[in-house]
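S.K.: Okay, handing you the structure first.
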Amino acid sequence: MGQLNSLVEARKGKKLTQEQLAGAVGITRAYLANIECGRHVPSLQVAYRLAIRLGYSIEMLFFHQRGSPAPLKGTSKSCPLKQREVN
């Protein structure tokens, strides 16, 4: 899921932990982890705050498709939590 890896890559590119980013945008670390793993879809307000804090557009963080240029260089790792198919 390229769009989720873009969020993780953007966070790591800014050298932020999940806890730091979550605190900066007013959500819990667990909720951010669930967004990163695809278990939760953020509200528009949360997506906007994440994008502003990370310096990217919402589109780059959440709608980035595989095969497109990645917002940041680096290898993303798969989420340790089980990912569900999104229909």
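The values are calculated or read from the model by the stated rules, or taken from the named source; none is laboratory data. Predicted, not measured: the structure shown is a model, and the values here were computed from it. Cβ placement follows ideal geometry from the backbone for every residue including glycine, while neighbour counts extend to all protein chains displayed.
S.K.: Take Val8 and decide whether it is part of a helix (DSSP H, G or I) and β-branched (Val, Ile, Thr).
M.R.: yes
S.K.: Now a separate question. Determine, yes or no, whether Gly74 is surrounded by fewer than 17 Cβ atoms within 10 Å (Cβ to Cβ), at pLDDT below 90 and closer than 11 Å to Ala10 by Cα.
M.R.: The answer is yes for Gly74.
S.K.: Follow-up. Within segment 22-68, count every residue that is surrounded by fewer than 18 Cβ atoms within 10 Å (Cβ to Cβ), at pLDDT 90 or above and either in a loop (DSSP other than H, G, I, E, B) or touching a strand residue (DSSP E or B) at 6+ places or on another chain (Cβ under 8 Å) (or both).
M.R.: Result for segment 22-68: 8.
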